[in-house]
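As structure tokens, the structure follows; a few thoughts come after it.
The values are calculated or read from the model by the stated rules, or taken from the named source; none is laboratory data. On a predicted model such as this, the values are computed, not experimentally measured, just so you know. Counting neighbours? That spans all protein chains shown, and the Cβs are built from the backbone with ideal geometry, glycine included. What goes into the accessible areas is simple: the full protein's heavy atoms, side chains included, and nothing from ligands, DNA or RNA. Shrake-Rupley method; radii C 1.70, N 1.55, O 1.52, S 1.80 Å.
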Amino acid sequence: MQAFDFATPTTVAEAVELLMGRNGDARILSGGTDLIAQLKEGRRTTSLVVDVKRIPEVTELRYHPESGLKLGAAVPCVVLYGDKEIVAAYPGLIDSATLIGGKQIQGRASFGGNLCNASPAADSIPAMIVHSASCLIAGPDGQRSVAVEAFCTGPGQTVLRDGEFLVAIHMPAPPVRFGAHYLRFIPRNEMDIAVVGAGASVVLDEAGERFEQARVALGAVAPTPLLVAEAGEYLAGKPVSEDVVDEAARLAKEAARPIDDMRGSVRQRKHLSAVLTRRALWKAIERARG
Amino acid sequence: MTLTRDKKGVAGKAPYKVIGTRPLRPDGADKVTGKAVYGADVHLPAMLYGAMLRSPHAHARISSIDTSEAERVPGVKAVVTAADLPVIQDILTDLGEGVVNLRYTSNNVLAHDKVLYHGHAVAAVAATSTAIAEEAVKLIKVEYDLLPPVLDVLEAMKDDAPIILEDLRTTELGEKREGQTNIASHIQHRRGDLEQGFAAADIIVEREFRTGTVHQGYIEPHSAVGLYNDDGHVTVWCSTQGAFGIRNQVSELLKLPVSDVTVIPTEIGGGFGGKLGVYLEPVVALLSKKAGHRPVKMTMNRTEVLQATGPTSASYIRVKMGATRDGKLTAAEAYLAYDAGAFPGSPVGSAAVVILAPYKLDHLLIDGYDVIVNKPRSAAYRAPGGTNAAYASEAVIDELAKIIGMDPLEFRLKNAVTEGDRRADGPVYARIGFVETLHAAQEHPHYRAPLEGKHRGRGVASGFWNNWGGRSSVSASINPDGSVNLLEGSPDIGGTRASIAMQLAETMEIAYEDVHPRVVDTDSVGYNDATGGSRTTFGTGWAAYEVGLKLIDEMKRQAADLLEVDLESIAYENGIFSSNGDSLGFKEIAERIDESGHPVVASASVHPEEFGPGFGTHIVDVEVDPETGKVEILRYTAVQDVGKAIHPSYVEGQLHGGVAQGVGWALNEEYVYDDEGHLLNASFLDYRIPTALDLPMIDTVLVEVANPGHPFGVRGVGETPIVPPAGAVANAIYDAIGVRMTTLPMSPGTILEALWAQEES
């Protein structure tokens, strides 16, 4: 590991000033579960590490049944699933929070960090997409908001510009008869990376027999986590049935554009996109029905 | 569960007082409180830290190495390359689980003229910190002329394959052939008339199998500290299965008298055969010499461990077997091609023994090929070669049984070898317990339990391992409080401090807690072969038995002096020495001779040859998710003839460990290479050993058919249990989904492919 500077700003403005002019060479430190390993193994280099955990907005966790969830970018997974109201309101998010690493990792790892690391296989991103999350970004020109599905632009690449960093993630409060689920396929039962990940959320009618809204997202089947808008559009207004869910799963399979690599083949990943979308939707439906 | 079928050890005076109990291990407290010193825990004054430059290519000629820039980095004290190694001739040495040529070892430790695999060591740096050493390594300039790599065993055997070692010539059935080749040797076992055997068969099954490269997966990475002292004496601290083997290799590779090398074994976090050969040990010694005789430490990271140590062979295996309708095997033919990595020495020899060892056969032919490819040099891995071989043969046995419509255990029983039968490669079996494992499996509740639910299946498979005797030495002395200090040279991997101390306590009729075993360095005890070949509880335990007899004899002499009677009149029983009504306790004598007599010490050395082989039979239930191809292990039972379980918990632990590794090999473990020979998955994220959540509790049945060649009937137990799992799991998958899986690993992707192929056909 090479030597680098280390800074601990306490305000958003101070952090932006530190990052300005570094042209992406500076690295933000949140839980460090990706960054420290990457620096140690020489997979990334940097001249400056900025620890943002002393900035209040970055570690803030606030939930309100009307305004929704404001999740500071450095809030670790364990804090999230330690809150009963949040667990009840954002089930898909919690599914992914409990899948990321082991207990020790979950004590440090954050959703903001997972997002900024921008792995196509990140577990939390499809979950955040189906919870309609948006990203609050601070920069030299003030703050802006970007939908989570638009945040990643490629493997390890994001929309963050020079001087910008992710402050928090916002998720709207779930409507009634809402349900969500995230699952992934891994060859083992733990300690693994998704071959394919799938998230789904649904809002059902009063009878619980018709989709009012739905969102489907996939991981590890494209250069970035993928919102499958076609599937959500198709489901809206349709009755809850095996045929309908299967068709949404087929649309997810169509949308997937994976590559062959050592973790899976194109055919396997496309096939799993349908299988996991179907399973995620049924679990989300079960949860929406209560 | 322990089933004692036969108690005949030569010292068989059961019921035993100590053997068969489950006392605490002497090294337990240190290990669970983090005080035990493992390889990377060694720190010496003025110690330097090393880092290795490794080849980014699978096959290339080294045209130049420029280390000058690295040498100029402040804090760098030494840089070494192969130019610093003495030139050595062919020297064959037996590491315990295979013979290696030390000329190749030298080439493996630091690449000579070519790099032969991705990760091959090229140069090493010693500096005042690891960070400096790592940065300096990046400044070493190596020019490579790229050569085409060959990674697949059958590709490497072709006439037009790229040649890896220019001087290699095939040893064809014992005779050297002319011409460059990647085939190091061809061996053959033949019996009877194959044509006649197959003509007598009603059913013939022939299948081809492929297995991937797998690593031993020990948790502790390789680590070594070397001190090349000003007086020319070299001391190495390292995590190893055999300190004497490391001593001998360092001595030969550096051309030093063996008495100028001391190896101090640390605690070891797993080896499974992968910590018999040297990697870092000669390098840290060379660095220390060049760095002004300061000690140098090198510790590999996980990527280096996977890239450059281990692994065991990928293989291509073809098996053909014939049987009659009433379930008698009539003939068998096996062809095994094992890749050895970049240097000769795959375990195809032992694979060729394992593949048909459990069965009576009048007509057989086995061909084995040892083939080099551009992968890391293969090292021994628990029952080397056995898992691949039994995967193939046990699947064919299962298929024959299914076609005939016979219970697979019954089919095996009809053909099982017993005492007096000849093994496929020639030797005649002494008393063995294969049949007993089959009976125990048949009677086990697991085998009778109904298997309900969709996509669930049950499989069985058997396996053989020959075990090893080797040489063992121990020394012991009696303390004034009547306890015994036991010095041994066998690194303790599976609880052998306990199992050896228990045999000494049983022999001397003293309490287990009164034996204090200690694993010592190569200067402090007589020669010991490595902890490998499932030999330690058997062989070093035997040495402890011998030393116990000597100590008791000496104590009898002391008792005779103290009681003032003839030696011949002294009897010893239950810790009491007696003669004509007078008696003295063991501890009382120990205390009195401390005051007036001379200390009681003894040493013993053994080289036993009758290391009874082990047989195991495994039962496994699986569930296959037909949509994802994932296999869940629902229930697992391992039955094994263990001879005599000295410490049953540690024997059960060996069975658990063998099954866990075998299941990992069966389902997910494999090296993934790109076309240029780069290893893509050199981490535990993508090289998938099983986690605790991937296995159920593994049930064990210890069948005790005493080995007549050991005082307490011990057989080696560590390796047999990794032989059957892959075959058992494959047979269970067939039972669940009707597909014969013929490649390892049987990963979700390959099972999906097989299911799709089944649908399409």
Inset, instruction - Being assigned to a helix (DSSP H, G or I) and over 18 Å from A:Ala168 (Cα atoms) is the filter; apply it to segment A:93-105 and report the residue that is least open to solvent (accessible area, probe 1.4 Å). - result: A:Asp95
Inset, instruction - Could you check how many residues of segment A:261-273 are in contact (Cβ under 8 Å) with a residue 12 or more places away in the chain and at the interface with another protein chain (Cβ under 9 Å from one of its Cβ atoms)? - result: 5
Legend entry - Matching strands (runs of 3 or more DSSP E) fully within segment B:572-687 where at least 3 residues are open to solvent by less than 50 Å² (accessible area, probe 1.4 Å): B:576-579, B:601-606, B:614-624, B:631-641
Legend entry - Qualifying residue in segment B:711-722 (condition: over 27 Å from B:Ala380 (Cβ atoms) and of a type in the set (Gly, Ala, Ser)): no
Inset, instruction - Examine segment A:13-34 for a residue that is more than 14 Å from chain B (Cβ to nearest Cβ), open to solvent by 40 Å² or more (accessible area, probe 1.4 Å), under 19 Å from A:Asn114 (Cα atoms) and part of a helix (DSSP H, G or I), and state whether such a residue exists. - result: no
Legend entry - Count of segment B:240-250 residues which are among the polar types (S, T, N, Q), open to solvent by less than 10 Å² (accessible area, probe 1.4 Å) and more than 15 Å from the chain's Cα centre (by Cα): 1
Legend entry - Failed item, numbered, when B:Arg210 is tested on (1) open to solvent by 50 Å² or more (accessible area, probe 1.4 Å); (2) under 15 Å from B:Ala58 (Cβ atoms): (2)
Legend entry - Residues of segment A:52-70 that turn out to be buried (at least 19 other Cβ atoms within 10 Å of the Cβ) and part of a strand (DSSP E or B), as a count: 2
Inset, instruction - Give segment B:52-111 a look and list any residue that's polar (S, T, N, Q) and open to solvent by 60 Å² or more (accessible area, probe 1.4 Å), or say none. - result: B:Ser63, B:Gln89
Legend entry - Counted residues, segment B:246-274 - those being farther than 20 Å from B:Val87 by Cα and touching a residue at least 60 places away in the same chain (Cβ under 8 Å): 13
Inset, instruction - State whether the residues of segment B:120-134 include one that is under 27 Å from the mean Cα position of the chain (by Cα) and at pLDDT 95 or above. - result: yes
Inset, instruction - With the condition kept exactly as written, say whether any residue in segment B:658-670 is touching a Leu at 6+ places or on another chain (Cβ under 7 Å), more than 14 Å from chain A (Cβ to nearest Cβ) and modelled with pLDDT of 95 or more. - result: no
Inset, instruction - Output the residues belonging to segment B:301-323 that are of a type outside the set (A, V, I, L, M, F, W, C), away from chain A (no Cβ under 14 Å) and surrounded by 21 or more Cβ atoms within 10 Å (Cβ to Cβ). - result: B:Thr309, B:Gly310, B:Pro311, B:Thr312, B:Ser313, B:Ser315, B:Tyr316, B:Gly322
Legend entry - Hits in segment A:254-283 (condition: assigned to a strand (DSSP E or B) and surrounded by 19 or more Cβ atoms within 10 Å (Cβ to Cβ)): A:Gly264
Inset, instruction - Name the residue, out of B:Ala638, B:Ala682, that is among the small types (Gly, Ala, Ser), within 14 Å of chain A (Cβ to nearest Cβ) and in contact with a helix residue (DSSP H, G or I) (Cβ under 9 Å, 6 or more places away or on another chain). - result: B:Ala682
Legend entry - Hits in segment A:157-192 - residues which are in a strand (DSSP E or B) and within 14 Å of another protein chain (Cβ to nearest Cβ): A:Leu183, A:Arg184, A:Phe185
Inset, instruction - Quick one: which residue in B:Pro221, B:Pro257 is on the phi < 0 side of the Ramachandran plot, open to solvent by 10 Å² or more (accessible area, probe 1.4 Å) and under 19 Å from the mean Cα position of the chain (by Cα)? - result: B:Pro221
Legend entry - Qualifying helices (runs of 4 or more DSSP H) (wholly inside segment B:426-533; at least 1 residues being buried (at least 24 other Cβ atoms within 10 Å of the Cβ)): B:434-443, B:496-508
Inset, instruction - State whether the residues of segment A:199-210 include one that is away from chain B (no Cβ under 14 Å), in contact (Cβ under 8 Å) with a residue 24 or more places away in the chain, among the polar types (S, T, N, Q) and open to solvent by less than 10 Å² (accessible area, probe 1.4 Å). - result: yes
Inset, instruction - Test B:Leu695 against the stated conditions and say whether it is farther than 30 Å from B:Pro608 by Cα, open to solvent by 20 Å² or more (accessible area, probe 1.4 Å), hydrophobic (A, V, I, L, M, F, W, C) and facing another protein chain (nearest Cβ under 10 Å). - result: yes
Inset, instruction - Among the residues of segment B:722-761, count how many are within 14 Å of chain A (Cβ to nearest Cβ), open to solvent by 10 Å² or more (accessible area, probe 1.4 Å) and in a loop (DSSP other than H, G, I, E, B). - result: 1
Inset, instruction - Name the strands (runs of 3 or more DSSP E) wholly inside segment B:5-118 in which the number of residues that are on the phi < 0 side of the Ramachandran plot, in contact (Cβ under 8 Å) with a residue 40 or more places away in the chain and under 28 Å from the mean Cα position of the chain (by Cα) is 1 or more. - result: B:48-54, B:92-94, B:99-101
Legend entry - All positions within segment B:534-571 that are out of contact with any Asp or Glu (no Cβ under 9 Å at 6 or more places or on another chain), open to solvent by less than 10 Å² (accessible area, probe 1.4 Å) and within 21 Å of B:Gly716 (Cβ to Cβ): B:Phe538, B:Gly541, B:Val547
Legend entry - Qualifying strands (runs of 3 or more DSSP E) (wholly inside segment B:273-370; at least 1 residues being more than 30 Å from B:Thr536 (Cα to Cα) and small (Gly, Ala, Ser)): B:315-323, B:329-339
